[in-house]
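Note sheet for the following structure.
The values are calculated or read from the model by the stated rules, or taken from the named source; none is laboratory data. All values derive from a computational prediction rather than experimental measurement. Positions of Cβ are backbone-derived with ideal geometry, glycine not excepted, and every protein chain shown enters the neighbour counts. These accessible areas exclude ligands, DNA and RNA; they are computed on the full protein's heavy atoms, side chains included. Shrake-Rupley method; radii C 1.70, N 1.55, O 1.52, S 1.80 Å.
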Amino acid sequence: MTDNELQNLVEKISFDSFDRPFQHHATFNSHLRTTGGRYLLKTHDLEFNPKMVTLEDFNKIIKHELVHYHLHLSHQGYQHKDSDFKQLLVRVGGIRYAPDIGERQSSKCQWLYHCENGHDIIRKRRFQTERYRCGQCQARIKFIGKLSKK
């Protein structure tokens, strides 16, 4: 789906579900990881996660962002905590949370260290071995390499 197709889809959903036109820009933002989309308060534009397009709930994600859009422009409660937001979201059939697509995974690799006395030290982040000692025996630490996470 291109940005133009997304723009047309958002305009159609806005008119069909809210009976109001969408008069700003809708684009894809590949930097979004764990969210389905976002409403930009200053420009009133909408950005969507391109990885969510293949999901069957994508129209509901669009409705969620349009609820933020229309409530903000009509000076009503547009935040998740507001009752106006919750009521309109239920009325138009949007979803409250974006589905999990596995982007919340922690570090994909781990780092292996050994101390002089043979203790293994496994960390998610690398560190400077000169600045630290083994937590069990206070011996010096040596960097071994990368471990693949299973």
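Using C-alpha pairs under 8 Å with a sequence gap of at least 6, the mean separation divided by the residue count of the chain gives a relative contact order of 15 percent.
The long axis of helix 83-92 is offset from the longest Cα principal axis of the chain by roughly 70 degrees. Protein heavy-atom accessible surface, 1.4 Å probe, per residue over the chain: 68 Å².
Along the range 24-33 the Karplus relation, 6.51 cos²θ - 1.76 cosθ + 1.60 evaluated at θ = phi - 60°, assigns HN-Hα couplings of 10, 9, 10, 9, 8, 10, 6, 7, 6, 10 Hz to successive residues, with x for each Gly and Pro. Note on surface exposure: Ser14, Ser148 rank Ser148, Ser14 by accessible area, highest first, 1.4 Å probe. Loop-resident chymotrypsin sites (Phe, Trp or Tyr not before Pro) (DSSP state other than H, G, I, E or B) in the range 73-150 with no more than 16 further Cβ atoms inside 10 Å of their Cβ: Tyr97, Phe127, Tyr132.
The accessible-area ordering, largest first, of the residues Val10, Val53, Val90 stands as Val90, Val53, Val10, per a 1.4 angstrom probe. Counting charges near His44 (Lys, Arg +1; Asp, Glu -1) among other residues having Cβ under 13 Å from its Cβ returns a value of 0.
A Förster radius of 35 Å combined with the Cβ-Cβ distance from Ser30 to His72 puts the calculated FRET efficiency at roughly 0.90. Considering only Asn117, Phe22, Pro50, and ranking their Cα positions along the charge dipole of the chain that arises from unit charges at the beta-carbon of Lys, Arg, Asp and Glu, the one farthest toward the positive end is Asn117.
Once you've got the Cα coordinates, tell me which of Lys81/Lys108; Lys60/Lys108; Lys63/Lys108; Lys12/Lys60; Lys60/Lys81 are over 23 Å apart. Flagged as over cut-off: Lys81/Lys108; Lys60/Lys108; Lys63/Lys108.
For Gly37, nonlocal amide neighbours, meaning residues 5 or more places apart or on other chains whose placed amide H falls under 5 Å from its own, are Asn49.
Near Tyr78, once Lys and Arg are set to +1 and Asp and Glu to -1 for all other residues with Cβ below 12 Å from its Cβ, the sum equals -1.
Summarise the accessible area of the chain (1.4 Å probe, protein heavy atoms) by the percent that is carbon and sulfur. Carbon plus sulfur share of accessible area: 46 percent.
In degrees between 0 and 90, to the nearest 10, how far off the longest principal axis of the chain does helix 58-73 point, with axes built from Cα atoms? Helix 58-73 sits at roughly 70 degrees to that axis.
Over all distinct alpha-carbon pairs, what is the Kirkwood Rh of the chain in angstrom?
In the chain this quantity evaluates to 18.5 Å.
Computed from point charges on the beta carbon alone (+1 for Lys and Arg, -1 for Asp and Glu), the dipole magnitude for the chain about its Cα centre is near 1220 Debye. 3J(HN,Hα) couplings calculated from phi for the range 132-142 with the Karplus curve 6.51 cos²θ - 1.76 cosθ + 1.60 (θ = phi - 60°) are, in sequence order, 10, 10, 5, x, 8, 10, 6, 7, 5, 10, 10 Hz; Gly and Pro show x. No disulfide-compatible partner, judged by a Cβ distance under 4.7 Å, exists for the following cysteines of the chain: Cys109, Cys137. Each Lys or Arg adds one and each Asp or Glu subtracts one; over the other residues with Cβ under 10 Å from the Cβ of Gly93, this totals +3. With axes computed from alpha carbons, what is the tilt in degrees of helix 3-18 against the longest principal axis of the chain, rounded to the nearest 10 within 0 to 90? For helix 3-18, the angle is close to 60 degrees.
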